[in-house]
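The values are calculated or read from the model by the stated rules, or taken from the named source; none is laboratory data. Because the structure is predicted, anything quoted here is derived from the model rather than measured. Note: ideal-geometry Cβ built from the backbone for every residue, glycine included; neighbour counts use all protein chains shown. The area values use the complete protein model at the heavy-atom level, side chains included, leaving out ligands, DNA and RNA. Shrake-Rupley method; radii C 1.70, N 1.55, O 1.52, S 1.80 Å.
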Amino acid sequence: MAILDYPSTIWADALELSSEQVPSALILEGTWWRETATKNRLSKLSNVRELNFPDMFIGEYEGVNVAYCCAYGAARAVEPAHIFGQMGTPLLIQIGTCGTLDVNTGTGVVVLPESCAARDGVSQIYGAGETVHTTDQWVTRAETLLHEHKVETSRAKHLTWPSLFAQSDVMCKDWTAEGFISIDMETSTVCAVADHFGVSCASLLSVWDALPHGRTFMDPLSEVDANKLKRSNEIVFQVALELAKQAGTNSTSLNEAM
C-alpha cells in the first residue's frame with residue numbers, strides 16, 4: 001500500500017502513541033542548525049522522548065502534549081506534517097526564519113503568512129491550488145501574543161519556494177511585483193497538508209534575509225539586528241507553545257481568548 005493510502009492507525013502504531021498521547025500541536029522548524037535548535041527547543045518541554053522516527057520528539061508543556069521536529073525544506077517538512085495531521089493533531093505550526101521582499105519589513109519582525117503561493121513542489125500532491133491559506137483564528141491569536149511580548153509583526157502575502165539558493169535578483173524583483181512580502185521553504189506545504197487532513201495551521205517566521213537590500217544569511221548582521229533576530233526567535237517558540245496549549249483545550253476557549 002502506498003503511503004498516501006495508509007490509514008491513520010499505521011502512524012499511531014509505528015510511533016507507539018495511543019489516542020490520548022496524540023499531541024495538541026506539532027511545531028516544525030526549518031533551519032540548518034538542527035542540533036542547536038533541537039536542544040534549545042526541547043529544553044522548554046518536560047518528559048521529552050524521541051519517537052520511533054528520527055528527529056521527531058514529543059514532550060509536555062503545561063499539561064499538553066507537544067511534538068517538535070526540525071525539518072528543513074518542503075520535502076522534509078511534509079513528512080511529520082502528514083503523520084501528525086493524519087493522526088488528528090489539531091494544529092500544525094511552522095516556525096523559523098524567512099527572507100523579506102518588503103523594504104520596510106526589518107530584521108526580527110515576525111511575519112505571519114495569511115495567503116501563501118504554493119510553489120514548493122509538494123503542495124499540489126495534497127490537492128492545493130496555486131495559493132493556500134493559514135487558519136485565521138490562529139494567526140490572530142499568534143499576533144496578539146506576539147504583541148504582548150512587544151514583538152513587531154507583519155501579516156503577509158507569502159511565497160514558499162523549493163530552494164534557498166535558486167533565487168536570482170530577477171526572481172526577487174518579479175516576486176516583489178506580485179506583492180509578496182516574504183519567502184520561506186516550508187509554509188505552503190504545511191498549509192496544504194493541514195487542509196488535506198482537515199486540521200488548522202499557522203506560520204510564525206522571523207525575518208532574517210533582506211532581499212531588497214541584497215542581504216542573505218551569508219552577510220553578517222549588525223549587533224543590534226542580531227539581537228533582534230535572537231529575541232524574535234526565542235519569543236516565537238514561546239508563542240508557539242502557548243498556541244499548542246490553547247489547542248489542547250477546545251475551540252470555545254480559543255474564541256474566548258480572542
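Yes or no: residue 134 within 12 Å of the chain's Cα centre (by Cα), modelled with pLDDT of 95 or more, open to solvent by less than 40 Å² (accessible area, probe 1.4 Å) and polar (S, T, N, Q)?
When the stated conditions are applied, residue 134 passes them.
Any residue that is under 24 Å from residue 168 (Cβ atoms), part of a strand (DSSP E or B) and either in contact with a Gly (Cβ under 7 Å, 6 or more places away or on another chain) or open to solvent by 40 Å² or more (accessible area, probe 1.4 Å) (or both) - is there at least one of those in the stretch 97-105?
The answer is yes, given that some residue of the stretch 97-105 is under 24 Å from residue 168 (Cβ atoms), part of a strand (DSSP E or B) and either in contact with a Gly (Cβ under 7 Å, 6 or more places away or on another chain) or open to solvent by 40 Å² or more (accessible area, probe 1.4 Å) (or both).
Just name the residue that is farthest from residue 104 (Cα to Cα) out of those in the stretch 195-226 that are aliphatic (A, V, I, L, M) and part of a strand (DSSP E or B).
This residue is 202.
Checking the condition under 20 Å from residue 239 (Cα atoms), modelled with pLDDT of 95 or more and open to solvent by 50 Å² or more (accessible area, probe 1.4 Å), which residue from 144, 140, 153 passes?
144
Quick one: what pairs do we get from the stretch 181-200, first residue aromatic (Phe, Trp, Tyr), second open to solvent by 20 Å² or more (accessible area, probe 1.4 Å) and in a helix (DSSP H, G or I), C-beta under 8 Å, 6+ apart or different chains?
Close Cβ pairs satisfying both conditions: 197/86.
Looking only at residues in the stretch 163-195 that are buried (at least 21 other Cβ atoms within 10 Å of the Cβ) and of a type in the set (Gly, Ala, Ser), which one is nearest to residue 89 (Cα to Cα)?
The residue in question is 194.
Report, by residue number, each residue of the stretch 78-103 that is within 11 Å of the chain's Cα centre (by Cα), of a type in the set (A, V, I, L, M) and under 22 Å from residue 155 (Cα atoms).
Within the stretch 78-103, 91, 92, 93, 95 meet the criteria.
Go through the stretch 196-236 and count every residue that is at pLDDT below 95, of a type in the set (S, T, N, Q) and surrounded by 21 or more Cβ atoms within 10 Å (Cβ to Cβ).
0
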